[in-house]
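Quick notes on the structure that follows.
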Amino acid sequence: MIANRKIFPFFLNKNKNLLLIVILLFLLLYICYQNNFPIDNIVYAEETIIPILTYHNFTTEKGSSYKINISDFKKQMGYLAAHNYSVISLSELLEGLKNGQLPPKPVVITIDDGFKSTFTLAYPVLKKYNFPATLFLYTNFIEKNGYSLTWKEIRKMTKNNIEIGSHTLSHCNLLKYKKNENYETYLTRIRKEIFLSKEILESKIQGKVKFFAYPYGAYSSTIKDLAIQAGYEGILNANSMNNTLTADPFSLNRQIIFSQSSLNSFVQILNQRPLSASQIFPYDGIIESNQFVKIGAILEGDNYNAKTLSMKLGGAKVKFNFNPENKEISFIPSKPLIKKSYIVNITASDKNANYRRKKSWLITIK
């Protein structure tokens, strides 16, 4: 008995810190459970890649450009399901960006324009996997002909995991002026495209329209400000990059899936990481047509392989210069560029993993 009295206090003193740790861990687990905050699913900003996939039209025949064969779409959706991707709605993404928490491997699906094949071909596949999606519709196209959706079909889909967003009234390039149009009449017209399309959609579906996608991915700060004034909570471009938890809800990037996209290239899109840049130029994305302006970026970080750097303007490779000291990658056009919008893409292989990193932005030649 004397031996036991000596051992027991010694045992308690030696292990009291361990006991306190166990109690604290138990309390932490209890708090997480009570707040529906599963610690296994915590995903931090630097670890999270959020692809927003964009489709347009579907076919049972050979695909072409924006029209994808439905069998390819089935394979892509099957891949997401088989590899445990969390397909979430844009509303869920918006909430996740606000609170900094998303499920593992999040992906968003969007479908543009309002083709009939969205309902007849793509929608059954989405229903099979219980995947949500957002349809970006331009209202002038709805019920226009046999190739377009009807309001009845749209309303039916909204009852099954489908959100509706605006793609303007007429799918016009919001940067372009019409003939003999001055700034005031231009501004009035594009304001109508942005505001009235939202009103029509909300009236037809009897629900809120929270998202806006730029037709052709063309935008400016003025267009963006108008969309925010109209009451949209999220705005999407076509800058062909994936997002992170630090993304601006009013500057969400989308990845267009073309008919030529193999399953391997689809997987590469899912795995694509951002290529960080401290500066892009021209900073406002506007270039006067008679200027020979340097186009490029100052890269940051060391998670990319500089030897694999590539630069494209509107899909065409350009000859660029790279300064390893200040990490500037840039090129100057040898002749004036055609007046239109271009996506600038800078890519490189990741330094330590088997995926690509990418930085993209829009420039417009006025």
Any idea which of (1) part of a loop (DSSP other than H, G, I, E, B); (2) in contact (Cβ under 8 Å) with a residue 12 or more places away in the chain is the one TYR177 doesn't satisfy?
(2)
Among the numbered criteria (1) touching a Phe, Trp or Tyr at 6+ places or on another chain (Cβ under 6 Å); (2) assigned to a strand (DSSP E or B), which single criterion is violated by HIS171?
(2)
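Here is a check on your reading of the model: is ILE280 in contact with a Phe, Trp or Tyr (Cβ under 9 Å, 6 or more places away or on another chain), farther than 27 Å from SER65 by Cβ, free of Cβ contacts under 8 Å to residues at least 40 places away in the same chain and not basic (Lys, Arg)? So that I can check it myself, show each step before the final result.
On the way: in contact with a Phe, Trp or Tyr (Cβ under 9 Å, 6 or more places away or on another chain): yes; farther than 27 Å from SER65 by Cβ: yes; free of Cβ contacts under 8 Å to residues at least 40 places away in the same chain: no; not basic (Lys, Arg): yes.
No, not satisfied.
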Being modelled with pLDDT under 95, over 17 Å from ASN305 (Cβ atoms), under 24 Å from the mean Cα position of the chain (by Cα) and of a type outside the set (A, V, I, L, M) narrows LYS366, LYS335, LYS340 down to just LYS340
Every pair of residues 6+ apart whose Cβ atoms lie under 8 Å, when the first sits in segment 320-341 and is more than 20 Å from ASN290 (Cα to Cα) and in the same structural domain as GLU300 (by TED's automatic domain parsing) while the second is acidic (Asp, Glu) and modelled with pLDDT of 90 or more
ASN321/GLU328; PHE322/GLU328; LYS327/GLU300
I'd like to check something: does segment 190-197 contain any residue that is in the same structural domain as LEU226 (by TED's automatic domain parsing), of a type in the set (Ser, Thr, Tyr) and at pLDDT 95 or above?
yes
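Evaluate the following for MET241: is it in a helix (DSSP H, G or I), closer than 19 Å to ILE88 by Cβ and either of a type in the set (A, V, I, L, M, F, W, C) or outside the structural domain of GLY96 (by TED's automatic domain parsing) (or both)? Explain how you work it out, then say what you get.
Numbers: in a helix (DSSP H, G or I): no; closer than 19 Å to ILE88 by Cβ: yes; either of a type in the set (A, V, I, L, M, F, W, C) or outside the structural domain of GLY96 (by TED's automatic domain parsing) (or both): yes.
Here the answer is no, as MET241 does not meet what is asked.
Quick check, is PHE136 assigned by TED's automatic domain parsing to the domain that holds GLY217, assigned to a strand (DSSP E or B) and closer than 24 Å to PHE258 by Cα? Give the steps one after another, and end with the answer.
Numbers: assigned by TED's automatic domain parsing to the domain that holds GLY217: yes; assigned to a strand (DSSP E or B): yes; closer than 24 Å to PHE258 by Cα: yes.
Judged against the criteria, PHE136 is a match.
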Of (1) under 12 Å from ASP113 (Cβ atoms); (2) surrounded by 17 or more Cβ atoms within 10 Å (Cβ to Cβ); (3) of a type outside the set (Val, Ile, Thr), GLU153 satisfies all except one. Which?
(1)
Could you list all residues from segment 237-263 that are more than 20 Å from VAL87 (Cβ to Cβ) and of a type in the set (S, T, N, Q)?
ASN237, ASN239, THR246, SER251, SER259, GLN260, SER262
Give just the number: which of (1) at pLDDT 95 or above; (2) among the hydroxyl-bearing types (Ser, Thr, Tyr); (3) buried (at least 16 other Cβ atoms within 10 Å of the Cβ) does SER310 not satisfy?
(3)
What number of residues within segment 129-153 satisfy the criterion of being on the phi < 0 side of the Ramachandran plot and under 23 Å from the mean Cα position of the chain (by Cα)?
10
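Specify which of the listed residues (TYR232, TYR214, TYR219) is at pLDDT 95 or above and either farther than 30 Å from GLU61 by Cα or surrounded by fewer than 18 Cβ atoms within 10 Å (Cβ to Cβ) (or both). Before you say what the answer is, go through the steps one by one.
Numbers: TYR214 fails: either farther than 30 Å from GLU61 by Cα or surrounded by fewer than 18 Cβ atoms within 10 Å (Cβ to Cβ) (or both); TYR219 fails: at pLDDT 95 or above.
After ruling out the rest, the residue left standing is TYR232.
The values are calculated or read from the model by the stated rules, or taken from the named source; none is laboratory data. Model, not experiment: these values are computed from the prediction. We place every Cβ from the backbone using ideal geometry, glycine too, and count neighbours over all the protein chains shown.
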